[in-house]
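Trainee: The structure follows.
None of the figures in this text is laboratory data; all of them are computed from the coordinates on show. Quick caveat: nothing in here was measured; it's all calculated off a predicted structure. For neighbour counting, all protein chains shown are included, and Cβ atoms are generated from backbone atoms with ideal geometry for every residue, glycine included.
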Amino acid sequence: MFSTVYGTPKYLPFDEAHPTDATHPYRRSKLHIEHMLHDLAASDPSWQIACLRYFNPVGAHPSGLIGEAPQGTPNNLMPYVAQVATGQRPHLNVFGNDYPTLDGTGVRDYIHVMDLAEGHLAALNFLSGHSPPPPSLPAATGDPPLPTNHHTFNLGTGAGTSVLQLLEAFEAASGKTIPYQIGSRRPGDLAAYYANAHLAKKVLGWQASRSLHDMCASTWRWQNEGPTA
Ligand code: UDP
């Protein structure tokens, strides 16, 4: 359902008990769906529901055959960097370097799409074998009590990576130089956004295992050798 539901951090890393923020229409649309699923679980105990809050999915299938091909100018960092690496775009515009982060650029919790896929399998396995409620599921402040057939998990790595760190990792994985220019902040962007992924590990037995290098290398293979190259 996307980790955007948390909004501006009251603390980091975000755990599942962090308050959600319905003030922004995009976040609200995700929360609407979570609430509908919550109500469905409460109304019919035969449902077993897990809401998975993704952080920043990136990377591609290791074959290089399945990946993300955004239409037009990519909005997201990784596909934009990949298009700069191939020479399709002259440089990356870095949206601000005056954030209170390690190097001033925005920090996110990038997660490999293959880890994310495995997180879904772990959730499905958990739900299908599920009987007692898992230990100490937290509820966000102000939320109604959670039914025992409804669960929420962050799917992230728990590690924050800055724009410049990702760029450097992509250069190493691709062997290309990625020119960049520092520009102004993108409206609505947050300085830092990353997960506490302990609950998924404890309850689902899942944790992300692929590195930032894996994320960049698979993106590069897809971009450089894949069907849209
Ligand atoms: N970003 C950037 N240039 C771009 C796209 C993104 O500097 O062309 C930055 C953005 O400000 C944020 C990070 O990269 O700090 C991740 O942005 P993305 O849009 O991929 O994810 P989101 O901000 O939605 O979490």
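Trainee: Counting Lys +1, Arg +1, Asp -1, Glu -1, what net charge surrounds A192 among other residues with beta carbon under 11 Å of its beta carbon? Intermediate values should be presented prior to the final figure.
Mentor: Details: positive: R108; negative: D109, D189.
Result for the local shell: -1.
Trainee: Given points 7 Å out from each Cα along the Cα-Cβ axis, report the L127 to K201 separation in nanometres with one decimal.
Mentor: 2.4
Trainee: Mind pulling up the Rg/Rh value for the chain? Radius of gyration and Kirkwood radius, both on Cα. It would help to have the intermediate numbers written out before the result.
Mentor: Numbers: Rg = 18.6 Å, Rh = 18.7 Å.
Rounded to two decimals, Rg/Rh equals 0.99.
Trainee: Where does the charge balance sit around M114 when Lys and Arg score +1, Asp and Glu -1, over other residues with C-beta under 14 Å from its C-beta?
Mentor: On the way: positive: R210, R221; negative: E68, D115, E118, D214.
Local charge sum for M114: -2.
Trainee: Any aspartates and glutamates with Cα under 14 Å of the K30 Cα? List them, leaving off those in the same chain fewer than 8 positions away.
Mentor: D21
Trainee: Among the lysines, which have Cα under 30 Å from the Cα of K176 when same-chain residues fewer than 8 positions away are ignored?
Mentor: none
Trainee: Would you be so kind as to identify all helices of the chain, as entire DSSP H runs, whose Cα atoms reach 20 Å or more along the helix's own axis and whose mean Kyte-Doolittle hydropathy is at least -0.5? Walk me through the numbers on the way to the answer.
Mentor: Numbers: long enough: 25-43 (26 Å, -0.66); 113-128 (23 Å, 0.91).
The qualifying helices are 113-128.
Trainee: What is the spin-label model distance, in nm, from H91 to S29 if the labels are put 7 Å beyond Cα along the C-beta direction?
Mentor: Label-label distance for H91 and S29, simple model: 3.3 nm.
Trainee: Would you calculate, for the chain, the mean residue ellipticity at 222 nm contributed by helices, counting each DSSP H stretch of 4 or more residues as -39,500 (n - 2.57) and dividing by all residues, to the nearest 500? Could the numbers behind the result be given before it?
Mentor: Details: 5 runs with 70 residues, N = 229.
Calculated from helices alone, the mean residue ellipticity at 222 nm is -10000 deg cm²/dmol.
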